[in-house]
1. Given Phe129, Gly169, Gly179, which one lies farthest toward the positive end of the charge dipole of segment 122-185, if we put +1 on the Cβ of every Lys and Arg and -1 on the Cβ of every Asp and Glu?
2. Quick one: helix 404-416 against the long Cα principal axis of the chain, what's the angle to the nearest 10°, folded into 0 to 90?
3. Can you tell me the 0 to 90 degree angle between the C-alpha axis of helix 330-342 and the longest principal axis of the chain, rounded to 10?
4. Using Cα pairs under 8 angstrom and six or more residues apart, how large is the relative contact order of the chain, in percent?
5. Rounded to the nearest 5, what is the percent of antiparallel bridges among the DSSP beta bridges in segment 125-275?
6. Would you tally the net charge around Phe163, using a Cβ to Cβ cut-off of less than 10 Å, leaving Phe163 out, and scoring K and R as +1, D and E as -1?
7. Round to a whole number: what % of the accessible area of segment 86-132 belongs to carbon and sulfur, probe 1.4 Å?
8. For Glu64 and Leu113, FRET efficiency with R0 = 35 Å and r from the beta-carbon atoms, rounded to 0.05?
Amino acid sequence: MRNAEGGVDRRRLRDLMERDQRRFDEEHPRSRELFAKAKGSLLAGVPMSWMTMWPGGFPIFAREAAGARVVDVDGLEYLDLCLGDTGAMTGHSPPVVVEEVVRRAAAGITMMLPTEDSIWAGEELQRRFGLPSWQFSLTATDANRWSIRLAREITGRPKVLVFNYCYHGTVDETFATLGPDGSVVSREGNVGPPVPLDETTAVVEFNDLEGLERALARGDVACVLAEPALTNIGIVLPEPGFHDALRSLTRSAGTLLIIDETHCICAGPGGATKAWGLEPDILTIGKPIGSGIPVGAYGVTEEIARRMFEREGADYQDAGGVGGTLAGNALSLAAVRATLAHVLTDDAFDRMIALGERFEAGVNGVIAERALPWHVTRIGCRAEYLFQPTPPRTGGEAAARKDPELDAFVHLYLLNRGVLMTPFHNMALMSPVTTEADVDRHTEVFAAAAAELEG
């Protein structure tokens, strides 16, 4: 039985959710116990607040992980398609990286000195993405922050332009959205913004080239910070010609273009920048390039490297808001070298993208068989389904049509049957050690969820 809301009967959905919630409670007594204990010393009962966003009322506590599997403290094993929300896109603890990290840790973790691994890592990122000069951070968030500061320094302009419902880590300027009247306002849930967002940020809907041109025409935008496709509000793909126009408009306006590849590295060894022929002034990345060891990076063109030192008084060797004590440390760079040399290789991406195609086909088959008003979208080895009939063309459209009730049920249904999806959205990621059988297992459980929702 259906209604127009997400294609499912809401009373049945709530009954099923209550049933699966009881199952979750019964099967996770140790996680529930640890969560209660953790509230005595950890804010919200977790070491980082996002960990409360899993379905079920409390997070499962992990005991161990290897490859594409996680085992919790109650001894239950899961096929992991979340993979640390991209941080473990390599699969958990690749043996070759573990071996190198152990070796490097015994030989010095951080010395505030460069190592030979840093040269190799810079040359490899140069090969993959095409930008000649690189610097390292501990996170993509830091890489984005520093890149914004460089853009302001180079251009002498104050503002950053982002696309509505973008994701660039916890960068202050990016937690902005469009109000009902089109003004720039703080996003819901933004904690303690330092200044009103309209002072630092311009916001345009993704794929809205007219809006982009108007915003850039004001002459106050230092940089556009963009994902190649929106990835944190579902996947919103660029329309044909969007990136060519984005590059043309930014160049005409004297605005720098920063491409954040942290999620879109899923498109291939050189991310969407290489796969789609993008031409950023600055490129940022983080998460999987160290197999989960904290590391981020940004690369710049020759022109940007030159312009960085043109302004009077510019000194990037000083502690002027760019850099950090642990950034570029020996352990992180050893992990990057081992990851890019042996794990996230060209051949690995070929296999991962093929699995992404298989995942997309399996979900599409279920949707078509039951004529559900849902869809799935994919970039390389990353796929995501939304409980909406057609793919949104903007972040605003995707946000307006979200279905939190159905999202929560499908997440919990999958988790109770041994499949982990990303908790913030319905994203699945393929790793070098994910198998066809893993993908087919997800399709089987997803199909069962759809069948139960229909009744």
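The values are calculated or read from the model by the stated rules, or taken from the named source; none is laboratory data. This structure is a prediction, so every number in the text was calculated from the model and none was measured. As a convention, Cβ positions derive from the backbone with ideal geometry for all residues, glycine included, and neighbour counts pool all protein chains shown. Note: accessible area is taken over every heavy atom of the protein model, side chains too, but ligands, DNA and RNA are not part of it. Shrake-Rupley method; radii C 1.70, N 1.55, O 1.52, S 1.80 Å.
1. Checking the options against the dipole of segment 122-185, the answer is Phe129.
2. The two axes meet at around 70 degrees.
3. 70
4. 23
5. Of the beta bridges lying entirely in segment 125-275, close to 25 percent run antiparallel.
6. So the surrounding residues net to -3.
7. Within segment 86-132, the accessible surface is 63 percent carbon and sulfur.
8. 0.55
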